[in-house]
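Everything on this sheet refers to the single structure shown next.
No lab work stands behind these numbers, since they all come straight from the coordinates. Remember, predicted model here, so these are calculated numbers, not experimental data. So basically every Cβ, Gly included, is an ideal-geometry build from the backbone, and we count neighbours across all protein chains shown.
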């Protein structure tokens, strides 16, 4: 049970994050244009904050992710952003219940604009093991990734590929190497209205494809220098989703509201995705 809870906490992320308990696939809650940044002049910046929620069909499971983001551009034209993610978790299933804060993530990234409709860059996050005792992973981890977003007329394509590299856990004379994770996330959306960016709102239906693979957990008690596998085999999952992104005109930028249903197509040794995901991002 403890391992399952910790795996849920490990999977927390978002947006630019992404999404677990139901889906243990990192960034599974991302929408189209997750990595499309509003342009600003050199020396200027803006802020946004997003709230993500996910409800699963495996009992009473709620996952929330709160994500502030600050985006700027240097006088030389370098695009950058800093961000953080705070997971809020509540699990109520037969025989147990747990709730609290998961391990937060902090970091940022940089990106280029090959053309006015395209963003290409990298993201680096660090997960800090300071969450609630029964939800924390109790280990540090690094989340490096690369992303791509572009408009092709009324079609938006958003891709994301990355990894989670986890620290060895030490305790009671035993060392445990949690398996590292690789993930891939793809979004393809289509605007139902012409993109003049003058309308009050834009509905953008989309499809989503998410994949993760996590290696085996290896233990080493000193007597076995090569390490021995401990309970917690490798896992993988592939999930498909459909959703609608609504761009909502505000004073400065368009806010974004998303409703997204995701379900696992295949997987092993993991809680399979079957849940409703929603998020709202406000810009100022």
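Distance from the C-alpha centroid of segment 21-81 to that of segment 173-211: 10 Å, rounded to the whole angstrom. Each label was represented as a point 7 Å from its Cα along the Cα-to-Cβ direction; for residue 76 and residue 261 these points are 5.0 nm apart. The Cα center of segment 247-284 and the Cα center of segment 90-149 differ in position by 15 Å. Peptides 261-268, 91-98, ordered by how many other C-beta atoms sit within 10 Å of their residues on average, highest first, read 261-268, 91-98. Directionally averaged projected area (segment 2-283, Cα convex hull): 15.4 nm². Tell me whether segment 60-204 comes out rounded, prolate or oblate; compute the Cα gyration tensor, take square roots of the eigenvalues as a ≥ b ≥ c, and use a/c under 1.5 as the rounded threshold. Prolate is the answer for segment 60-204, as a/c is 1.5 or above and a/b outweighs b/c.
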